[in-house]
Amino acid sequence: MNVNWLLGVRQISDKMINCLRRVVTVKAEAVEAVEAVEAVEAVEAVDNKITISLFDDKLQDIDKKISMAQPSDIPCLFKYIPMEIFGKLLLEVPTEYPNIKAFFPTMPSEEVQRHWTGNCGQVLLDQSLGFIKALAFGYMAITGKSLEKTVVLDYGCGWGRLTRLLYKFFCFENIYAVDPWDQSIDECKKHGIKANLALSEWVPKSLPFNKRFDLIFAFSVFTHLSEKTTHVVLKTLRDYIADNGLLVITIRPKEYWEIHNKGEIASEMLASHDENGFAFSPLDLPPIDGDITYGDTSISLDYFVSHFPQWDLVCLEYNSMDPYQIILFLKPK
Ligand SMILES: C[S@@+](CC[C@H](N)C(=O)[O-])C[C@H]1O[C@@H](n2cnc3c(N)ncnc32)[C@H](O)[C@@H]1O
């Protein structure tokens, strides 16, 4: 028998064995990784239960009253439930509180949460809580008004991530939410969001509600709009804000471009931002009146102040959990 041939067979079988070993190791590592994630999730679930149970007396009481409560009573019912706990309940209400569970909306799938809002579960909740606290306490501090009778609009509500957290402070009959994407409104309805929901236009000259709002907010919306759409929306929102109302929006700083698509278009976008104060990279979507309205956007503060004189920039907020969202508090001039 040819010795070279035998050596060849030996080398091939050695390679196959190595390959098989690698497959087995990768598989074992994958199983370990899945088990580690499951273990972390299990610990988080237990932690959540323990944290929620600290407020068990209050929650038992709320559970007894909530089905008969008037909409305007809801914020008062949850008065002694901290915002963080309120958020955890929205993630998952323990079975011990069936009536609270029936009242609260259900959560969309992890895939929808992650795909539409970049994160999911507790991490996303922490980001959402950071914004809602800034919104509610900022509104009270700036306007000197309480939240009880405040009429609020969530502009570009998506799946209702922030809309649902508003129940802690606002009567749900006074909560309005719009989005131009029909799937957003469908998702809100599917999960039982209690609010006045409606479809708006992509480039709205008016809103689908005939009223003025005390508070309008748009989180992660102006971080995506084209320059033309940004101008139209800010003009339209001005028509719908109460004279002593407050608009709260987020914008992106130019540093965002360093992480967008791993910095692939950073130099072009940074140059546009530095030159114009506005940089926009459109998504591959059909244009509306010659303009693609949606993509990714950075806006400088100087641009904002000089181009939108109908709004008075009162102050800024920032949450380090959401590093590319700068929160602007704006009063109508
Ligand atoms: C990144 S998501 C943010 C959703 C939600 N505000 C949140 O923070 O969870 C952006 C949302 O803006 C909506 N949107 C897109 N164009 C818009 C426009 N011209 N006016 C209002 N909303 C718009 C999208 O449909 C989407 O739901």
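We did not get these values from a lab; they are worked out from the coordinates using the rules stated. All figures in this text were calculated on a predicted structure; none of them were measured in a lab. Backbone-built Cβ (ideal geometry, glycine too); neighbour counts: all protein chains shown.
Worth pointing out:
- Taking each of Lys79/Lys211; Lys49/Lys79; Lys88/Lys168; Lys79/Lys189; Lys145/Lys194; Lys101/Lys189 in turn, the alpha-carbon distance tops 18 angstrom for Lys79/Lys211; Lys49/Lys79; Lys79/Lys189; Lys145/Lys194.
- Acute angle (nearest 10 degrees) that the helix 266-276 long axis makes with the longest principal axis of the chain, alpha-carbon atoms: 20 degrees
- All Cα pairs of the stretch 226-308, percent lying beyond 19 Å: 44 percent
- Calculated SAXS-style log₁₀ I(q)/I(0) at q = 0.12, 0.14, 0.17 Å⁻¹ - the stretch 177-324, Debye, Cα scatterers: -0.55, -0.76, -1.11
- Taking amide H as placed 1.01 Å from N in the peptide plane, Ser220 has its amide H under 5 Å from the amide H of Thr250, each at least 5 places away in sequence or on another chain.
- Estimated purely from DSSP H runs of n ≥ 4, each contributing -39500 (n - 2.57), the mean residue ellipticity at 222 nm for the chain is -15000 deg cm²/dmol once divided by its residues.
- Placed amide H near Gly156: partners under 5 Å, 5+ positions off or other chain: Val178, Asp179
- Over the chain, Cα pairs under 8 Å with separation of 6+ residues give a relative contact order of 13 percent.
- Once the Cα atoms are used to define both axes, helix 56-65 deviates from the longest principal axis of the chain by about 60 degrees.
- As a rough footprinting exposure proxy, the listed residues Ile265, Ile85, Ile251, Ile185 were ranked by other beta carbons within 10 Å of their own, and the order from fewest upward is Ile265, Ile85, Ile185, Ile251.
- Integer Hz, Karplus 6.51/-1.76/1.60 couplings in order for the stretch 254-261, x for Gly and Pro: 5, 4, 3, 5, 5, 9, 5, 6
- Computed 3J(HN,Hα) for the stretch 87-95, one whole-Hz value per residue from the Karplus formula 6.51 cos²θ - 1.76 cosθ + 1.60 where θ = phi - 60°, is x, 4, 4, 5, 5, 6, 7, x, 5, glycine and proline marked x.
- Within the chain: Cβ-based charge dipole about Cα centre, in debye rounded to nearest 20 (Lys, Arg +1; Asp, Glu -1): 500 debye
- Within a Gaussian network of the chain (alpha carbon springs, distance under 10 Å), most fluctuating of Met269, Met68, Met107: Met68
- Using a Gaussian network model of the chain in which every pair of alpha carbons under 10 angstrom is joined by a spring, one finds that among Ala177, Ala141, Ala242 the greatest mean-square fluctuation is at Ala141.
- Debye-sum result for the stretch 84-148 in log10 I(q)/I(0), which assumes one identical scatterer on each alpha carbon, at q = 0.17, 0.22 Å⁻¹: -0.74, -0.97
- Close amide H pairs (under 5 Å, H built 1.01 Å from N) link Ala242 with Phe213, Asp214, residues at least 5 positions away or on another chain.
- Order of Leu77, Leu54, Leu162, Leu301 - criterion: other Cβ atoms within 10 Å of each residue's Cβ, fewest first: Leu54, Leu301, Leu77, Leu162
- To the nearest ten degrees, helix 227-240 and the longest principal axis of the Cα atoms of the chain are 40 degrees apart.
- Distance between the stretch 56-77 and the stretch 287-333 - C-alpha centres, whole angstrom: 38 Å
- Note on the chain: antiparallel DSSP beta bridges, both residues inside, total approximately 55 percent of the bridges counted.
- Compactness relative to 2.2 N^0.38 Å, alpha carbon Rg of the chain: 1.25
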